[in-house]
Every structure is written in structure tokens, then in C-alpha cells.
Amino acid sequence: MNDDWSAPTQASNNALRAQIDSLLDTFTAEKSALLDARSRATQLVTAWSADGLVRASGTVAGISEVHIEPDAFKRSTPKSLGRSVTEAIASVAAQAAETQQLALAPLSDLSADMPDLPDLIPGAPSMKDLIDELTPPPPPAPEPGHGLTPQPRR
């Protein structure tokens with residue numbers, strides 16, 4: 001009687017092992033693709049203000065540099081220079097968010113079509129959780145007029 005169950009059980013076990021191995025291979029490949037996409041998503045972007053007085057650089061994580069042209073204080077008022085700084089920073093934020101979205105979009109589509117490993121194997125690592133952990137949130141949109149209103153001097 002033991003032999004009656006042995007062959008079907010062995011075949012089922014082998015099929016299940018093959019399925020699990022395939023899922024783990026897919027997870028490993030997607031994790032590698034995610035790390036590559038993360039690298040592309042965090043590339044440095046640079047933007048100039050329309051008046052050419054301010055250059056800002058940064059990634060989706062934030063601004064890393066703001067450069068003000070030496071003659072900016074001669075060619076501009078504090079209020080318009082403030083607008084130029086805000087404009088350059090907002091442009092960097094928008095470009096960085098777009099770069100991130102373009103880099104990670106294929107992965108989101110790919111992982112949405114696939115069952116997550118914990119759905120199949122309790123305790124297995126989750127690809128969806130990994131994507132959430134490695135994907136920084138998009139920067140907040142700048143408030144209209146933020147930083148442009150003169151503050152009372154104390």
C-alpha cells in the first residue's frame with residue numbers, strides 16, 4: 001500500500017519543488033531588476049531657473065546643491081531671486097520624480113501580475129514589500145508662492 005502512494009506523492013513533490021524553485025528564481029531576478037531600477041531612479045538631475053541665475057541639482061531623495069550665479073545679486077531683487085531658487089528646485093523635484101516613475105514603472109507592472117511569495121509560502125520574502133521599502137515616496141509638490149512672501153523682520 002505504501003508503494004501505491006509513493007509514486008504520485010513523489011511526482012507531486014517534484015512538481016511543487018519545481019514551482020517553488022521557479023518562483024524563487026523569479027523573485028531573485030525581480031530583486032536584481034529592482035536594485036538596478038533603484039539606481040536609475042536615483043540619478044542626479046539638474047535644472048536651471050528660466051532667468052539662468054540659479055541651478056539646482058538633486059535626486060528624488062532631495063536637493064544636493066543650489067548654485068547662484070555670481071552676478072545674480074546685481075541682476076535680480078531678493079524677491080525674484082527667491083522665485084528663481086524655488087523654480088529651479090521645483091524643476092529638479094519634478095524631473096527626479098519622473099525619472100523615478102519611469103525607472104520603477106515596469107517593475108510595478110511585473111509584480112502586480114505575479115502572486116507574492118507569502119501568498120504561496122508562509123514566511124517567504126515579499127517582493128511587494130521589498131518594492132515599497134526600496135522606493136522612496138515622491139517629493140511633495142511645492143506650495144504656490146512658498147518662500148516668496150516677505151517675512152516680517154524681527
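The values are calculated or read from the model by the stated rules, or taken from the named source; none is laboratory data. The structure presented is a predicted model; accordingly, all values stated were derived computationally and were not measured. Backbone-built Cβ (ideal geometry, glycine too); neighbour counts: all protein chains shown. The accessibility values were calculated without ligands, DNA or RNA, using every heavy atom of the protein model including side chains. Shrake-Rupley method; radii C 1.70, N 1.55, O 1.52, S 1.80 Å.
Screening ALA112 on (1) modelled with pLDDT of 75 or more; (2) assigned to a helix (DSSP H, G or I) shows it passes everything except condition (1).
Taken over the range 63-83, the criterion of being open to solvent by 50 Å² or more (accessible area, probe 1.4 Å), assigned to a helix (DSSP H, G or I) and either closer than 26 Å to ALA97 by Cα or aliphatic (A, V, I, L, M) (or both) is satisfied by ARG83 alone. Restricting attention to the range 28-53, the residues that are among the hydrophobic types (A, V, I, L, M, F, W, C) and out of contact with any helix residue (DSSP H, G or I) (no Cβ under 9 Å at 6 or more places or on another chain) total 1. Scanning the range 1-52 for residues that are aromatic (Phe, Trp, Tyr), assigned to a helix (DSSP H, G or I) and open to solvent by 80 Å² or more (accessible area, probe 1.4 Å) yields one hit, TRP5.
For the range 30-65, a tally of residues being more than 16 Å from ALA94 (Cβ to Cβ) and of a type in the set (A, V, I, L, M) returns 5.
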